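Colleague: Below are the C-alpha cells for one structure; questions will follow.
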Amino acid sequence: MADIILTGDRPTGRLHLGHLVGSLNQRVEMQNSGKYDQIFIEIADAQATTDNAGNIQKVKNNILELALDYMSCGIDPKKSTIFLQSEVPELSDLTFYYMNLVTLARLQRNPTVKQEIGYRGFKNSSIPVGFMTYPISQAADITAFNANIVPVGDDQLPMIEQTREIVRTFNRLYGETLVEPKAVLPENKICHRLPGTDGQAKMSKSIGNCIYLADTPEEVEKKVMGMFTDPNHLRVQDPGNTKNNPVFIYLEAFSKPKHFEKYFKNEETGELEYKNLDELKAHYERGGLGDMKIKRFLNYVIQDTLTPIRARRAELEKHIPEVYQALFEGSDKARKVAAETLLKVKRAIGLDYRSDYELINSQIEKYNQDLEEKKTRKY
Ligand code: ATP
Ligand code: MG
C-alpha cells in the first residue's frame, strides 16, 4: 500500500508555535525524508466557514497567510500538494454520503467538538449544524486522498477516530473501498498540545493566546515577558512549580543544547551556569531562580527558532502571485484525486447510474415484459 499523508489547517488566523511543534515540523521532516509517496496539505477554508459564516473575509485573508507560513517553515509545493478545500467540491459530496453513517449522539460525544463549543461560547441554540458535523467533513478530506497517515496535534485524535469508524462502517456496508488512516503525533510528548501563553490547555487561534510564527521580534518578546507562570512563585527565593508552567513547557518544546551553550556560558571561565533544562528546572523548583531570568532565556530560544522562518517569509512576501499559483495548481491536482475517490464511493454505494448497465438493462427488460404482458392480457 502507498504511504499517503494528509494534514491541514483552518485559515482562521496565522500559524503559531503550537502548529510548529504539533504538526509543521513533522510535516517538513516527512516531506524531506522522501519516504512517502504523496503529501497533501489542505487549507480547510470550507471547514473554517462552519464557525465563521458571518466573517468570510477573515477566512479569505488567512489563506495567503497560511500558505506563507507553510512555505516559510519548509513546506515545498513541488514536493507537497497544498490545496484549497473549497476548490475541491467532491469533498462535500463525500461528506454528504458519510453523514448517513454517523449518529447525532456520536457527534455530540466528540470531546474536541465539545471543548471547541465552549471556547467559542456557543449555546445549544446557536451551534451551527455545519460546525457540529465538521468531523464528518474531515473524514471526507482524509479518505478522498486515500491517506493512511495523518500528522496532527492530540486535539485531532477524536477526529481521526471518527474517520476510522466511518471507513469501517462504509467498507462493511458497501464493500472494501476506503483506506483506514492513523494519526501520527510528534515524538516529543510535550508537543502534542502546546498550551497558550495564558496557561490555558491549548494555544489556539480562536482563543488568541498565541505566539505567531510571523510575529515581530518585539511582539514575541512582549508576549514571552507577559507569560503566565506559577502564580504561587511570588518572590525569587520561593520554590516554583515547573509542571503546569507554560514557560517551562515551551522550553521543553524548543530549547536545545546549543541554547544552553550560547546563553548560559560564563565568558571568563567558559563554565555553563546551567548545562541543561533539568538543572534549570531543579533550581526553579528549589527556589532562587526568578521568572524574569527564565523568560529572558525563553525569549532568546524562541527568537532563534523563528529567525530563519521570518527570513524565508520576507523573501516569499515578494512573490505573492507565485504563492497563489502554487495553491491553484495544487488544488487542480487534488481535485483529480478526489474525483476518482468520489466515483469509487458512488459505485460502491450503487449511485453511479452512468455505468450501471445491469440496472438499466434490468429495467428495460422489466418494462418490455410489461409491454408484452399488456399485449397478451385478456380483460
Ligand atoms: P482554531 O482555533 O481555529 O481551531 P487551531 O489553533 O486549533 O485553530 P487548527 O487549524 O484547528 O488550529 O489546527 C491545525 C493543526 O495544528 C491540527 O493538527 C492541530 O492538532 C494542530 N495544533 C493546533 N494547535 C496546537 C497546539 N496548541 N499544540 C499542538 N498542536 C496544535
Ligand atoms: Mg482547531
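The values are calculated or read from the model by the stated rules, or taken from the named source; none is laboratory data. Since this is a predicted model, take the numbers as computed values, not measurements. Note: ideal-geometry Cβ built from the backbone for every residue, glycine included; neighbour counts use all protein chains shown.
Colleague: Here are some conditions: (1) surrounded by fewer than 23 Cβ atoms within 10 Å (Cβ to Cβ); (2) within 14 Å of ligand 2 (Cβ to nearest atom); (3) among the hydrophobic types (A, V, I, L, M, F, W, C). Residue 43 meets all but one. Which one does it not meet?
Modeller: (1)
Colleague: Let me ask something additional. Looking only at residues that are away from ligand 2 (no atom under 16 Å from the Cβ) and of a type in the set (Lys, Arg) in segment 100-124, which one is farthest from residue 202 (Cα to Cα)?
Modeller: Here the answer is 106.
Colleague: Residues of segment 274-291 being in contact (Cβ under 8 Å) with a residue 24 or more places away in the chain and on the phi < 0 side of the Ramachandran plot, which ones?
Modeller: 277, 280, 281, 284, 285, 286, 289, 290, 291
Colleague: Identify the single condition in (1) buried (at least 16 other Cβ atoms within 10 Å of the Cβ); (2) more than 16 Å from ligand 2 (Cβ to nearest atom); (3) at pLDDT below 95; (4) polar (S, T, N, Q) that residue 242 does not satisfy, given that it satisfies every other one.
Modeller: (3)
Colleague: For segment 1-21, name all the residues that are assigned to a loop (DSSP other than H, G, I, E, B) and either within 6 Å of ligand 1 (Cβ to nearest atom) or more than 21 Å from residue 48 (Cα to Cα) (or both).
Modeller: Matches in segment 1-21: 1, 2, 3, 10, 12.
Colleague: Assess whether residue 160 counts as being free of Cβ contacts under 8 Å to residues at least 24 places away in the same chain and part of a helix (DSSP H, G or I).
Modeller: So residue 160 fits the description; yes.
Colleague: Within segment 315-323, does at least one residue satisfy the condition of being more than 30 Å from residue 211 (Cα to Cα) and basic (Lys, Arg)? Outline the logic, then answer.
Modeller: To start, the set of residues in segment 315-323 that are more than 30 Å from residue 211 (Cα to Cα) comprises none.
Looking through segment 315-323, none of the residues is more than 30 Å from residue 211 (Cα to Cα) and basic (Lys, Arg).
Colleague: Here's a follow-up. From the list 349, 320, 360, exactly one residue is farther than 23 Å from residue 174 by Cα and of a type in the set (A, V, I, L, M, F, W, C). Which is it?
Modeller: On inspection, the qualifying residue turns out to be 320.
Colleague: What residue, among those in segment 176-205 that are within 11 Å of ligand 1 (Cβ to nearest atom) and small (Gly, Ala, Ser), is surrounded by the fewest Cβ atoms within 10 Å (Cβ to Cβ)?
Modeller: That would be 201.
Colleague: Out of the residues in segment 125-153 that are β-branched (Val, Ile, Thr) and not in a helix (DSSP H, G or I), state the one that is farthest from ligand 2 (Cβ to nearest atom).
Modeller: Once the filter is applied, the top-ranked residue is 149.
So that you can scan it fast, the table gives a plain yes or no per residue for (1) modelled with pLDDT of 90 or more; (2) among the aliphatic types (A, V, I, L, M):
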site	(1), (2)
330	yes, no
339	yes, yes
346	yes, no
351	yes, yes
355	no, no
358	no, no
362	yes, no
374	no, no
377	no, no
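Colleague: Would you mind stating whether residue 163 is among the β-branched types (Val, Ile, Thr) and crowded, with 21+ Cβ neighbours inside 10 Å?
Modeller: Criteria met by residue 163.
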